Amino acid sequence: MATTEDPTFNVTETSSDTGGGINVAGLAGIIVFYLAILGVGLYAAWRRRGSQGTEEVMLAGRDIGVFVGILTMTATWVGGGYINGSAEAIFTSGLIWCQAPFGYAISLSLGGLFFARKMRDACYVTMLDPLQECFGRFWGAMLFFPALAGETLWSASILGALGSTLAVILDIGNTVSIIVSAAIAVVYTLFGGLYSVAYTDVIQLFCIFIGLWLAIPFAVSHEAVTSLSPSVTDWVGSIDKPWHWGEWADYAALLVFGGIPWQVYFQRVLSARTSRQAQILSFAGSFGCILMAIPACAIGAIAKATNWNETAYTKDITAADQKKLVLPLVMQYLTPQWVAFIGLGAVSAAVMSSADSSVLSASSMFANNIYKNVFRRRASDREIMWVMRVAVVVVACVACAIAIKGNSIYELFYLCSDLVYVMLFPQLTMAVHFPYAVNTYGSILAYVLGFLLRILGGEPVLGIPPVIKYPYFSDGVQYFPFRTLAMLVTLVTLPLVSWIVRRLHESGKFPDFLKAFGEESSPVVTLDKNGVKQTDGLDNPAMDVSGERGTASKYPTLEMERF
């Protein structure tokens, strides 16, 4: 049963059924497309060559306009896995189980309503800033690991998706396509940072839109395609048993709320010129996600309505290793060759638009929140930038290695999505909205408890059997929404334990060995080259809404030097 948004690609070496060797014309076309994307990225970097500070590279100088911001926000979510996975979900289980477009759209809207303005007003640099500000720099850094794992495996999954797509249409191995695609994204990201990523996203999003819509009329008019009426072709899907609604609701909540605490989202929010624009980007990106999913879902419905025995395709498309290739198979066998090439460009664009964003996001968090805030408090801008560039290369290499060697990339990514939902969403929500109600002790216990409840529910990817069998457990499947239960337990534990520990400490019954309740330390004040006041600690020189420089901390009463 397909309950998720992305395809589970088996990224072993595959080839198409054409058997004619490498498709030279198609390969030439994709090379031209890649060179064009690289050129746009390098041109964007050249335009900003005079400004190369960390804020410029990570957040494009907080100067992303509304138009470019909307397109880069949409392109970041609409990745190769997004469009391939939407088509697969429609083909396999129907529209009712294609939850990602709606889940991510709602997620972006909620982010715009409850997080975008507060985060942008505080002038944070990364999503981890409020966590380190609230829970201390050391423990806040621990929250980096589920975020890093999610970003890296997300990149790996979509690179694997591209490898399989190229194998179908161009008849080339996936290894070369994965390495080349990642290398191109890394090159312009290294030189231009978020500015290059944003401007290439504009081009890539138009390619996705045109390529997918262009394929639909040719595919639907193919003689092997029958009626698309839901009464003839069941592309709507159904939920067979009442307790399956628990599983459906669990995944829906995971996508909606677990889609918020991702650096790729907040990097765009924090790059907006104003907090109002940050909200506009979120709401418009929500609409864009729905809009861009329509052609992908239509292609899935067309695949469902196709009698594949009447095409040149000779394999069983319902096999586990084939139905995940629904979108490229439709382009290859139901459209003319030139249309398939344009569609291939669309898939490649979708992959790079998400891969570059994900790699930059993980690297930004490492450079700003781990290297600078934990290891090198007085590191210069130049040093931070070089650390970030090295991290970009390392993260990209790891993602490529996983994409090439892994056979269950998507499941690993989804596990990390689980952990982001269970462990990170409650922590970020409390740190942003109720920082006075939580402390490091509550955060640690909530973190550990949420992780244990999730793992004890079982995880087939890691070979972990379910220790806790929730209601409606059947045939190794947890139909009870146990992920959401674990998230709610984390959300309740965090303020409850924080309150209990605070009261015990105030009564003299609990020693503050983590210094969570210590007196605020005086930050070290220095001046930058422009004479602007800088502070040590979690200094991300902040600007308020009016643009005036202020203190880096949104909550100055919190201890900056504690654990």
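Among helices (runs of 4 or more DSSP H) lying entirely in the stretch 409-484, which contain 1 or more residues that are among the charged types (D, E, K, R)?
Numbers: elements: 409-419, 425-433, 440-456.
Helices (runs of 4 or more DSSP H) meeting the threshold: 409-419, 440-456.
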Check your understanding: Which residue out of THR200, THR274, THR175, THR226 is closer than 24 Å to ALA149 by Cα, of a type outside the set (A, V, I, L, M, F, W, C) and out of contact with any Pro (no Cβ under 8 Å at 6 or more places or on another chain)?
Key -> THR175
Study note, to complete from the structure: Within the stretch 104-152, the residues that are more than 16 Å from the chain's Cα centre (by Cα) and of a type in the set (S, T, N, Q) are GLN132
Exercise for review: Would you list the helices (runs of 4 or more DSSP H) that sit entirely within the stretch 111-201 and hold 3 or more residues that are in contact (Cβ under 8 Å) with a residue 60 or more places away in the chain, among the β-branched types (Val, Ile, Thr) and within 26 Å of MET352 (Cα to Cα)?
Suggested key: 144-169
Review point. Out of the stretch 368-390, which residues are under 30 Å from LEU205 (Cα atoms) and surrounded by fewer than 16 Cβ atoms within 10 Å (Cβ to Cβ)?
Key: TRP386, VAL390
Practice item. Taking only the stretch 308-367 into account, find how many residues are surrounded by fewer than 24 Cβ atoms within 10 Å (Cβ to Cβ) and either β-branched (Val, Ile, Thr) or not assigned by TED's automatic domain parsing to the domain that holds ILE203 (or both). Key: 7
Point to revise | Per-region count, the stretch 230-240, residues surrounded by fewer than 22 Cβ atoms within 10 Å (Cβ to Cβ) and touching a residue at least 60 places away in the same chain (Cβ under 8 Å) | key: 7
Point to revise | Meets criteria (assigned to a loop (DSSP other than H, G, I, E, B), of a type outside the set (Lys, Arg), outside the structural domain of PHE138 (by TED's automatic domain parsing) and surrounded by fewer than 16 Cβ atoms within 10 Å (Cβ to Cβ)) for PRO511 | key: yes
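Looking only at the stretch 315-345, which residues are of a type in the set (Gly, Ala, Ser) and more than 26 Å from the chain's Cα centre (by Cα)? First the steps, then the outcome.
Our first condition is that a residue be of a type in the set (Gly, Ala, Ser); within the stretch 315-345, this holds for 319-320, 340, 343, 345.
Within the stretch 315-345, ALA319, ALA340 meet the criteria.
Can we say VAL501 is modelled with pLDDT of 85 or more, β-branched (Val, Ile, Thr) and closer than 30 Å to TRP248 by Cα?
On the way: modelled with pLDDT of 85 or more: yes; β-branched (Val, Ile, Thr): yes; closer than 30 Å to TRP248 by Cα: no.
No; evaluated as a whole, the condition is false for this residue.
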**Study point:** Filter result for SER363 (in contact with a Ser or Thr (Cβ under 8 Å, 6 or more places away or on another chain) and either over 30 Å from ARG382 (Cα atoms) or part of a helix (DSSP H, G or I) (or both))
**Key:** no
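The values are calculated or read from the model by the stated rules, or taken from the named source; none is laboratory data. Please read all numbers here as calculations on a predicted model, not as lab measurements. Here the Cβ is made from the backbone with ideal geometry for all residues, glycine too, and neighbour counts use every protein chain on show.
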